[in-house]
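For reference, the structure discussed in these notes is given below.
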Amino acid sequence: MRRKARTATKAENRPRFWGRHAVAAALANPEREVVRIWATREAAAEVDLPRGVPFTFADAADLGRLVAKDAPHQGLVAEVERLPDLLLADVLQDAPERRPLLVLDQVTDPHNVGAILRSAAAFDSLALVTQDRHAPPESGALAKAASGALETVPWVRVVNLARALDEMAEAGFWRIGLTGDAGMTLAEAVGPARVALVLGAEGEGMRQNTEAHCDALARLPISGRMESLNVSNAAAVALYAVATKGG
């Protein structure tokens with residue numbers, strides 16, 4: 001899969017990943033350039049550290065000063081370059097059936113996006129698609145929440161989400177927008193083999209223009225005792241529903 005050429009990030013803007021899953025996944029990803037690693041001696045003994053990457057032993061307190069306050073670094077911190085951008089056209093080209101796309105409309109919380117990436121990996125999603133200016137950047141918090149999935153699930157950032165949804169339709173994807181106000185359930189809306197699930201931000205939901213670019217609007221059949229689900233939970237339930245419908 002082609003990626004746009006990487007532009008080197010200024011050192012002060014490079015993300016720092018922490019935690020063993022996030023760091024190990026970054027090291028295992030050939031597309032990811034790891035710039036520097038800090039680790040306790042105990043953590044370093046449990047990770048296959050690559051040659052040629054600057055490495056520093058540090059105690060837990062020093063590592064804590066390299067990352068967000070109270071971040072569970074587990075003795076490992078890595079400074080990395082951001083992944084090169086992916087092209088939506090390449091993701092859509094010859095897309096296999098029964099591998100859904102996940103589309104997020106202005107979901108900006110890094111913990112939610114990380115959790116969604118984790119569910120996307122668990123249910124073998126084709127890719128995550130977001131609007132570039134309304135999505136969180138790669139960060140330690142996001143990578144930690146993704147538990148390695150940031151390195152394995154293709155993440156496409158687009159300029160215009162409506163145009164991207166049009167491209168998906170041209171590639172044969174049935175675009176289902178999830179909203180609690182919909183008349184039909186997700187099980188009723190899922191039909192074609194290629195599905196794009198569209199989720200909006202918590203509170204505001206999908207924008208009207210995004211809804212207008214969906215083929216169907218559907219809801220999850222949750223109990224009346226709860227008004228809605230967290231967007232990352234909704235994504236996991238929706239991906240499971242699509243997976244079981246296809247199987």
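Every read-out reported here was derived from the displayed coordinates using simple, explicitly stated rules and does not represent laboratory data. Source: prediction; values computed, not measured. Don't worry about glycine lacking a Cβ; one is built from the backbone with ideal geometry, like all the others, and counts go over all protein chains shown.
Numerical summary
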{"read-out": "Intensity falloff of the chain expressed as log10 I(q)/I(0), Debye formula with alpha-carbon point scatterers, at q = 0.11 Å⁻¹", "value": "-0.60"}
{"read-out": "Scaled radius of gyration (Cα, divided by 2.2 N^0.38 Å) that the range 122-247 gives", "value": "1.04"}
{"read-out": "Under-5 Å amide H pairs with Val198, H placed in peptide plane, nonlocal only", "value": "Val103, Ile176, Gly177, Leu178"}
{"read-out": "Phi to ³J(HN,Hα) by Karplus 6.51 cos²θ - 1.76 cosθ + 1.60 over the range 186-201, Hz, x for Gly, Pro", "value": "4, 4, 6, 7, 6, x, x, 6, 9, 10, 10, 8, 10, 10, x, 5"}
{"read-out": "Under 5 Å, built H, 5+ apart or other chain: amide partners of Asp124", "value": "none"}
{"read-out": "Förster-model FRET efficiency, 30 Å R0, Ala89 and Tyr240, C-beta, rounded to 0.05", "value": "0.60"}
{"read-out": "Highest to lowest packing among 53-64, 109-120, scored as the average C-beta count within 10 Å", "value": "109-120, 53-64"}
{"read-out": "Computed [θ] at 222 nm, helices only, for the chain once each DSSP H run of length n ≥ 4 contributes -39500 (n - 2.57)", "value": "-8500 deg cm²/dmol"}
{"read-out": "Farthest toward positive dipole pole in the range 88-246 [+1 Lys/Arg, -1 Asp/Glu at C-beta], among Leu104, Ala127, Ala143", "value": "Ala143"}
{"read-out": "DSSP-defined beta bridges in the chain - what % are antiparallel, rounded to 5", "value": "30 percent"}
{"read-out": "Most to least packed among 20-28, 162-170, 98-106 [average Cβ atoms within 10 Å]", "value": "98-106, 20-28, 162-170"}
{"read-out": "log10 of Debye I(q)/I(0), alpha-carbon scatterers only, for the range 13-80 at 0.12, 0.20, 0.25 Å⁻¹", "value": "-0.25, -0.71, -1.15"}
{"read-out": "Calculated P(r) of the range 82-163 - Cα pairs past 16 Å, %", "value": "47 percent"}
